[in-house]
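Following: one structure in structure tokens, then a few remarks.
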Amino acid sequence: MIKNKLFLVTGCYGFVAQHLIHNLLLNNNRVIGIYNKKYQLKIFNNKNYINKKKLIVKKVDIRDKKSLINLFKKYKFDYCYHLAAISQVLTSNQSPEETYEINVFGTINLLESSKLYRPKIKFIFSSSDKAYGSSKKLPYKEDFPLNGLNPYDASKACADIISRSYAKAFNLQVCVTRFVNIYGPGDVNWDRIIPGTIKSLINNKKPILRSNGRFLRDYLFIDDVIDGYIMLGKAMQNKKVKGIAINFGSGKPITVLNLVKKMLKINNNNSKFYIIKNKVKNEIKDQYSGYQLAKETIHWKPKISLEEGLVKTFSWYKKRIKKN
């Protein structure tokens, strides 16, 4: 656990960021959350924390250098968890320039503000396993080349390298996380396979698979993800890690079709209650990561099985999704 620290969390209305902030607040930390757009519903009721000024939320565009500088001048941050990004592949393909402005240059602005005004800050950049792109060898390992080719993947790869360069060139305490696909209560991006399938099943509709269903992917439950962020942050307190990127995966990749079948079973549906469109083009066939470095350096490993995580996730959505 990390206690009694001041955190900057970017993209504070995001699915992962909300869970991270909730954990930080429970452990008596103060959080300044910044956002530009609200893509998500509110997962937690933070009114009490806001009233006590334990949580302060500000609308700040990370492309705006002046606003970030003012923020860093005003608050003596101990940590920055940088999660803000254009994270949707479709949106990135439609708006590549904006994607690079936010994901790459926004990250540079935060790193520059840290370097100039909080040089002892512990800075954690949220990259992605997608930064690796296609690889003939799997699982991904941290020393694999970053070969993201579409705007989202490439933007994450660029910001990943840049973040680590600040650790090396300017002696900043920066680390990078590369998580696999994250799921759990609160994600309302219905284009993702898990929340999209659950929403369809709750409404008694057949889930739609855009691919042929044979691609291998890796999935982590949100609680394991937050553990990863916190354990990495704690290790940075003792300067055990610096300037490195760490993969976080389950070690148990699964085909998209088998994933859907697991959800069908949980919801007591027929095992063939789905539609395969097979219309995805240029998608990487298999993507999954090892987590040996995370295990060795910060003693992290996933605790929640896919089956357990899906049951927990289903339960949350069933209480909140209104049937059409």
Round to a whole number: what % of the accessible area of the range 216-324 belongs to carbon and sulfur, probe 1.4 Å? 47
May I have the extent of the alpha carbons of the range 149-206 along their three principal axes, as whole Å values ordered from largest to smallest? 55, 25, 13
Rounded, prolate or oblate: pick one for the range 49-95, where a ≥ b ≥ c are the square roots of the eigenvalues of its C-alpha gyration tensor, a/c under 1.5 means rounded, and failing that, prolate if a/b is larger than b/c, else oblate. prolate
With the other protein chains left in place, how much accessible area per residue, in square angstrom, belongs to the chain at a 1.4 angstrom probe? 50
Might you report the magnitude of the Cβ-based charge dipole of the range 148-278 about its Cα centre, with Lys and Arg at +1 and Asp and Glu at -1, to the nearest 20 debye? 340
Solvent-accessible area of Arg192, probe 1.4 Å, all protein chains present, reported in Å² to the nearest ten, please. 80
In whole angstrom, and with the biggest value first, how far do the Cα coordinates of the chain range along each principal axis? 57, 47, 39
Compactness of the range 192-324 as Cα Rg over 2.2 N^0.38 Å, two decimals: 1.22
What nm value, rounded to one decimal, do you get for the distance between Ser134 and Ser305 when each label is placed 7 Å out toward the C-beta? 3.5
In degrees, nearest 10, range 0 to 90: what is the angle between the Cα axis of helix 306-320 and the longest Cα principal axis of the chain? 90
To the nearest 10 degrees, how steep is helix 256-266 against the longest Cα principal axis of the chain, on a 0 to 90 scale? 80
How far is helix 222-237 tilted off the main Cα axis of the chain, in degrees rounded to 10, range 0 to 90? 20
Could you look at the range 30-148 and say what percent of its accessible area is carbon and sulfur, using a 1.4 Å probe and all protein chains? 51
Given +1 on the Cβ of Lys and Arg, -1 on the Cβ of Asp and Glu, and no further charges, what dipole in debye does the chain carry about its Cα centre, rounded to the nearest 20? 980
For the range 1-138, place one equal point scatterer on every Cα, skip the solvent, and apply the Debye formula. What is log10 of I(q)/I(0) at q = 0.09, 0.16 Å⁻¹? -0.28, -0.85
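The values are calculated or read from the model by the stated rules, or taken from the named source; none is laboratory data. Because the structure is predicted, anything quoted here is derived from the model rather than measured. Cβ coordinates were reconstructed from backbone atoms using ideal geometry, including for glycine residues, and neighbour counts include every protein chain displayed. These area figures cover heavy atoms from the full protein model, side chains too; ligands, DNA and RNA do not enter into them. Shrake-Rupley method; radii C 1.70, N 1.55, O 1.52, S 1.80 Å.
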